[in-house]
Amino acid sequence: MSEQELTGVAGWAVDLMETLGGPGAGLAIAAENLFPPIPSEVILPLAGFTASRGSFTLAEAIFWTTAGSVVGAFALYLVGALLGRDRLRAIWARLPLVRMSDLDKTEAWFERHGRKTVLFGRFIPIFRSLISIPAGIERMPVLVFGGLTLIGSLVWNTIFVMAGYILGENWHRVEPYADGFQKVVIVVVVVAVCWWVIHRVREEHRARKESGV
């Protein structure tokens with residue numbers, strides 16, 4: 001796949017990187033954090049591919065994409081912090097099927113496992129971006145959040161940037177594997193949500209029958 005054949009998100013990303021250099025790669029990844037449908041699994045190998053063409057160095061590609069990941073994560077952290085726990089609970093109380101005890105359990109779980117979730121969540125498509133919001137809601141210490149995000153993003157970005165750099169014109173060979181992993185994650189989430197909804201509806205129905213309503 002040559003540069004002339006690149007269209008859509010890929011073409012936009014390469015144009016951005018070749019125009020702005022390393023900061024362009026960082027800007028593209030920051031946008032990916034804010035808009036998860038933009039796939040980092042495409043942007044990152046492209047950053048490596050662009051580096052292999054001499055637009056910037058491999059080290060610059062890794063540095064700027066990681067900086068972009070951290071900036072994007074902090075933007076979503078701020079969204080969570082502005083939303084706040086009180087507003088979240090007020091919104092939660094109006095949602096169908098859910099109970100306040102569900103939120104209490106989720107908060108307790110995040111309090112125990114939030115640091116591991118923020119770190120390892122950087123390796124999971126979609127959740128990589130969204131995990132920053134509950135971290136902001138729970139006001140995870142900024143330095144802790146930033147450090148964990150930096151480590152997780154650095155590992156993830158280095159793997160994909162290096163792959164694009166080594167593969168060069170064949171950078172797109174990375175995409176099917178990453179895309180397959182993302183589809184598995186989506187299927188697992190959909191199945192889990194469907195199971196939860198069915199289970200909760202049955203519980204509500206059983207409770208109404210027992211109360212004679």
Checklist outcome for this item: Put in order of increasing Cβ neighbours within 10 Å, starting from the fewest, 165, 77 give 165, 77
Checklist entry - What list of ³J(HN,Hα) couplings, whole Hz, do you get for the range 95-112 from phi and the Karplus terms 6.51, -1.76, 1.60, once you set θ to phi - 60° and write x for glycine and proline? => result 7, x, 6, 7, 10, 5, 5, 4, 5, 4, 5, 5, 5, 5, 5, 5, 5, 7
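Quick check on the exposure proxy: order 19, 50, 65, 158 from fewest to most C-beta atoms within 10 angstrom. Before the final figure, lay out the partial values.
On the way: 19 10, 50 26, 65 31, 158 17.
Lowest count first: 19, 158, 50, 65.
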Next on the checklist: Using +1 at the C-beta of Lys and Arg and -1 at the C-beta of Asp and Glu, which of 47, 90, 66 has the Cα lying farthest in the positive direction of the dipole of the range 3-173?
Outcome noted: 90
Checklist entry - Taking neighbour counts of Cβ atoms within 10 Å as a proxy for exposure, in what order, fewest first, do 55, 40, 101 appear? => result 101, 55, 40
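None of the figures in this text is laboratory data; all of them are computed from the coordinates on show. What you are looking at is a predicted structure, and each value in this text was computed from that prediction instead of being measured. Every residue, glycine as well, gets a Cβ built from its backbone with ideal geometry; the counts of neighbours run over all protein chains shown.
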